[in-house]
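S.K.: After the structure tokens below, expect a handful of questions from me.
The values are calculated or read from the model by the stated rules, or taken from the named source; none is laboratory data. Predicted model, so just to flag it, every value in this text is computed and none were measured. Every residue, glycine among them, receives a Cβ derived from its backbone with ideal geometry; neighbour counts consider all protein chains shown.
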Amino acid sequence: MKVDRLIGILSLLLQKDMVTAPYLAAHFEVSKRTINRDIETLCKAGIPIVTRQGNGGGISIMDTYKISKTLITNAEMQDILAGLRSLDSVNGTNQYKQLMEKLSSGSSDFLIGNQSVLIDLSSWYKSSLSPKIQIIRTAIDTCREITFHYYSPGREAQRTIEPYYLVFRWSNWYVWGWCRKREDYRLFKLNRLEQLELTDTFFIKRQAVMPELTDEKVFPAKIHVKALFEPECKWRLVEEFGSGCYVEQSDGKLLFHADYTNQENLVTWLMSFRDKVLLIEPEEIRKELCTALQNALQQYTKGEGST
């Protein structure tokens, strides 16, 4: 990718007093003509690059620029490398590792250092996510529509969208794009879409709005929950809601208060605690939970001796 190569060239020029075009061409496995075009691009971007012809000549950045305006500090580069490593954890290739090697060439102290931040964005679904991410990235880069079968609560449908952003949020991957069916921007969870295909239909980029992904916007709190948990549930409450979500009672039980978005998800979440929780409010969901537990009991009772 040209951007990767430009970053790599700039990094080498900042590290070395001078390099030659043949050296850069060999290092990045491109032609000398491509390197010359890259140098011209960097010059147009305002980087003061000097070229000297003949014996002992080469390409360099003006000394004053290197001294007074170093682009990236050690701490900043560590953050960049952590980000690049995280992308390799989901894309199924080693392209970012290769870029890191190019960036680190000739200056291991500056670029390698103590890599104390490790980010892994993969999941249990890495084998199915990686191909989806690659298809969507290709679609975004080439302005081509994608089509897929999407599963949402209560329904499923075929969707065609103009993809604009890949989003990692709430420990999951999403694609944000213009939905042909809804004629509006929508957020789709990658784990819920199947039969993903890159179409031959090109689109003209819209002035795409950035997705507003605050919890309040995407998951508006509609249900005020009050429940009493057994003490052994404390670790889960802390992990999922923080230590301020409950008040410990004199008998050790935990009086829990929180706002929840989806009623079905709430019932499922409460049932995962089995007999270790008592829902107090809201009353209508308490009744629904009782019905769900009774139905489950009947289902298991009915199934006794049937195998």
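S.K.: Here is a list of conditions, (1) touching a strand residue (DSSP E or B) at 6+ places or on another chain (Cβ under 6 Å); (2) modelled with pLDDT of 90 or more; (3) outside the structural domain of Ile146 (by TED's automatic domain parsing), and Ile223 meets all of them except one; can you say which number that is?
M.R.: With (1) touching a strand residue (DSSP E or B) at 6+ places or on another chain (Cβ under 6 Å); (2) modelled with pLDDT of 90 or more; (3) outside the structural domain of Ile146 (by TED's automatic domain parsing) applied to Ile223, the lone miss is (2).
S.K.: Where in segment 163-252 are there strands (runs of 3 or more DSSP E), lying wholly inside it, with at least 2 residues that are of a type in the set (A, V, I, L, M, F, W, C)? Break it down into steps so the answer makes sense when it comes.
M.R.: Details: elements: 172-179, 184-189, 193-202, 223-229, 246-248.
Those strands (runs of 3 or more DSSP E) span 172-179, 184-189, 193-202, 223-229.
S.K.: Could you tell me how many of the residues in segment 252-275 are in contact (Cβ under 8 Å) with a residue 12 or more places away in the chain, surrounded by fewer than 16 Cβ atoms within 10 Å (Cβ to Cβ) and farther than 26 Å from Pro153 by Cβ?
M.R.: 2
S.K.: When segment 125-145 is examined, which residues are found to be under 22 Å from Phe203 (Cβ atoms) and either in contact with a His (Cβ under 8 Å, 6 or more places away or on another chain) or charged (D, E, K, R) (or both)?
M.R.: Within segment 125-145, Lys132, Arg137, Asp141, Arg144, Glu145 meet the criteria.
S.K.: In segment 145-179, how many residues are touching a residue at least 24 places away in the same chain (Cβ under 8 Å) and acidic (Asp, Glu)?
M.R.: Total meeting the criteria: 2.
S.K.: Looking at segment 279-304, which of its residues are of a type in the set (A, V, I, L, M), surrounded by 15 or more Cβ atoms within 10 Å (Cβ to Cβ) and in contact (Cβ under 8 Å) with a residue 40 or more places away in the chain?
M.R.: Correct list: Leu279, Ile285.
S.K.: Moving on. For segment 253-288, name all the residues that are in a helix (DSSP H, G or I) and more than 35 Å from the chain's Cα centre (by Cα).
M.R.: In the first step, residues of segment 253-288 are kept if they are in a helix (DSSP H, G or I); the result is 263-271, 274-276, 283-288.
The answer is Asp275, Glu283, Glu284, Arg286, Lys287, Glu288.
S.K.: Residue pairs, Cβ under 7 Å, 6 or more apart or interchain, first in segment 239-251 and in the same structural domain as Leu228 (by TED's automatic domain parsing), second assigned to a helix (DSSP H, G or I). List them.
M.R.: Cys245/Leu237; Tyr246/Leu237
S.K.: Follow-up. Considering (1) modelled with pLDDT under 75; (2) not in a helix (DSSP H, G or I), say which one Ile47 fails and leave the rest.
M.R.: It is condition (1) that Ile47 fails.
S.K.: Return yes when Ser60 is within 16 Å of Ser11 (Cα to Cα), small (Gly, Ala, Ser) and modelled with pLDDT of 80 or more and no when it is not. Spell out how you get there, then give the answer.
M.R.: Details: within 16 Å of Ser11 (Cα to Cα): yes; small (Gly, Ala, Ser): yes; modelled with pLDDT of 80 or more: yes.
Here the answer is yes, as Ser60 does meet what is asked.
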